Amino acid sequence: MQHRLVGLLVAGALATAGLTGAGLATAPDRASALTSTQATDAYDAFVDTYWDPDAKYFFTWSDHQVHSEHAVGPQGGAYTDYWWEAQAWEAVMDRYERTHDAASRQMIDDVFDGWRAAYPDFRENDWNDDMGWWARGSIRAYELTGEARYLTEAQDIFAYIAQYEDTTYGGGIWWKNVDVGDGTRNEKNVATNGTAVWTALRLYAATGDTTYRDTAERLYAWLQTNFDRDGHIRDHVSGTGQFTDYDWTYNQGQFAGAALQMYLLTDDQQYLDRATRATDWAVDNLTVAGTFLNEGTSDTEGFKAILTRDIRALIDDAGQTQYEAVLTRNASQAANHVSPEGIGGADWTAPTPSVTTTPQLSLGAAATVAITQQAVPDGSTAVVEGDGVYQAENVDHPGISTESSNAGATGRGYLAGWNTAGTAATFHVNVATAGTHTLTFRSAAAAGTAVRSVRVGDGPATTVSFPGTSSWSQWTTTTVTVDLAAGSNAVVVAAGSGNANYLNLDAMTVSH
């Protein structure tokens, strides 16, 4: 079986011999997401809105102003910070892999040049994971272009990061390159080490240097032993060896990507199995009706694109075509919910407001660009309904806690102990046909009947009584009939001041 990693070893040797240009692009050509127009429009809108051709750098915000919410990066935060620019660079490369057009090929060089001008010394950063994204991007740029400077950059950055591997917690590279060895101020995580495995094996493919392979094998074994819980990937270890679990899409993707690279190296099925288990866990647990969830604002807006990029690689390099529908569904949702100016936001299931009234971050916009380049078209721009199951823990729920301790819950948990007046959970429901639809809520209320209100958008609220249950592990269903418009609808379930009984809300299912 001729895997991509083996092919890249040959490509690296050819590049050393002097072959450059598009001939080194080993990724297969693929059609654009949904329609070529939508994928192209998303990319063009992103470049038109965020790219500064003079600075050769992307702005942080769509209005090109500094905002206190994320005032990090060159010019006081007017331009994107260190690792955000790396994600924008990856989106440009996603575009180039889809089209091989001259403009995006030139932009690969321009983004890199702008970053190097802003950060003449890549070491001027305390975070190894931030550097890791540029190492990963640089080796990818080398594979796509054959330019030796990208290989050199990847080698230099990786060598700097790799020196922070030690035996604390059994192995792994430290997250930061300051406070090394201090578990109260530093940690070891998947974000740093998953990226390092991926990059090391691509460097091995390009150079044949077995040091890269040995480092990757050592880091991957440590990740697999300590972070992989049957596909559910832990976030980090710190302190005196305590593990912390955050369910981020990019943790799942980074581990899946590392495992895939190990599979391409060894042809050992166990690695592919681990890659698909991590991907399946994300698809099964980090979605709302089949669309990857809104993980919040700022850094988290870029997480989904990291996962979907690794899913694309699973399809292209390991034949895992069962994920094509996942990418197309998510690309459809992202494309269908861009702002009037064509800019995508953090939530792929809900309309993005106009950037003239609500400035949008470049990282979230880049994620929409990425998924629309990564997916295969289905020839449709219709509403994506998905499976109609909206896990409550995955919808917007500010001020409401989640947990997973009571038996019988679906998904990865539920909204827990919810009784604070003024708090609400918002389900962004997509339906193809306007009209009357039934919402079925699954809940537990061991303290007795819990009253909440349900409304659609700014419409009138309906009072709903969620029946008491004999225990918190007994779940019951409650149905509500509502009128929904075709497209996206915000279904809001809110707690008022009339009934303070606790409610555990597990999921909502929408009839189509």
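Here the contact order of the stretch 403-512, divided by its residue count and restricted to Cα pairs under 8 Å and six or more residues apart, works out to 44 percent. Using the Cβ-Cβ distance between Ser470 and Asp63 with R0 = 60 Å, the FRET efficiency computed as 1/(1 + (r/R0)^6) comes to roughly 0.65.
Working note: 222 nm ellipticity from helices only, DSSP H runs with n ≥ 4, each -39,500 (n - 2.57), summed and divided by the residues of the chain, gives -13500 deg cm²/dmol to the nearest 500. Enter the accessible area of Asp48 (Å², nearest 10), with the probe set to 1.4 Å and all protein chains included. Its heavy atoms expose roughly 130 Å² to the probe.
Name the shape class, rounded, prolate or oblate, that the alpha-carbon gyration tensor gives for the stretch 216-257, where a ≥ b ≥ c are the square roots of its eigenvalues, rounded holds for a/c under 1.5, and otherwise prolate holds if a/b is larger than b/c and oblate otherwise. Because a/c hits 1.5 or more and a/b fails to exceed b/c, the stretch 216-257 counts as oblate. For the chain, relative contact order (Cα pairs under 8 Å, six or more residues apart, normalised by length) works out to 15 percent. Helix 148-162 and the longest principal axis of the Cα set of the chain meet at an angle near 70°.
Averaged per residue, the chain has 36 square angstrom of accessible surface, using a 1.4 angstrom probe with ligands and nucleic acids left out. When a/c is below 1.5 the answer is rounded, else prolate if a/b is larger than b/c, else oblate, so apply that to the stretch 348-410 with a ≥ b ≥ c taken from the square roots of the Cα gyration tensor eigenvalues. It is oblate, given that a/c is not under 1.5 and a/b is not larger than b/c. Taken along the Cα-to-beta-carbon direction at a fixed 7 Å, the label points for Thr244 and Asp280 span 3.0 nm. Solvent-accessible surface (1.4 Å probe) assigned to Val480 amounts to roughly 10 Å². For Asp387 and Ala461, the difference between the fully extended length at 0.36 nm per residue and the C-alpha to C-alpha distance is 24.1 nm. Applying 1/(1 + (r/R0)^6) with r as the Cβ-Cβ distance of Asn419 and Asp109 and R0 = 60 angstrom yields a FRET efficiency of 0.60. Ranking Trp175, Trp127 by solvent-accessible area of protein heavy atoms (1.4 Å probe, all protein chains present), from largest to smallest, gives Trp127, Trp175. Considering only Ala162, Val47, Ile343, the residue lying farthest towards the positive end of the dipole of the chain is Ile343, judged by Cα position with unit charges set on Cβ. Extension gain, Asp273 to Thr211, is 19.8 nm, computed as 0.36 nm per intervening residue step minus the present C-alpha separation.
Length gained on full extension, Thr152 to Ala494: 117.6 nm, using 0.36 nm per residue less the C-alpha separation. Each peptide in 383-394, 445-456, 253-264 receives the mean, over its residues, of other Cβ atoms within 10 Å, and ordering these scores from highest gives 253-264, 383-394, 445-456. Candidate cross-link partners of Lys188 among the lysines, defined by an alpha-carbon separation under 18 Å and a same-chain spacing of 8 or more, comprise Lys176.
Sequence-distant contacts, meaning Cα pairs under 8 Å at least 6 residues apart, place the relative contact order of the stretch 300-454 at 20 percent.
Only Lys, Arg, Asp and Glu carry charge here, each on its Cβ (+1 for the first two, -1 for the last two); on that basis the chain has a dipole of about 940 debye about its Cα centre. Counting only alpha carbon atoms, the long axis of helix 210-227 and the longest principal axis of the chain meet at about 20°.
Each label was represented as a point 7 Å from its Cα along the Cα-to-Cβ direction; for Asp179 and Glu403 these points are 2.9 nm apart.
Element breakdown for the stretch 184-278 at a 1.4 angstrom probe: carbon and sulfur atoms account for 39% of the accessible area.
The values are calculated or read from the model by the stated rules, or taken from the named source; none is laboratory data. In this text the structure is predicted, and so the values were computed from the model without any measurement. Positions of Cβ are backbone-derived with ideal geometry, glycine not excepted, and every protein chain shown enters the neighbour counts. SASA here: full protein model, heavy atoms, side chains in, ligands and nucleic acids out. Shrake-Rupley method; radii C 1.70, N 1.55, O 1.52, S 1.80 Å.
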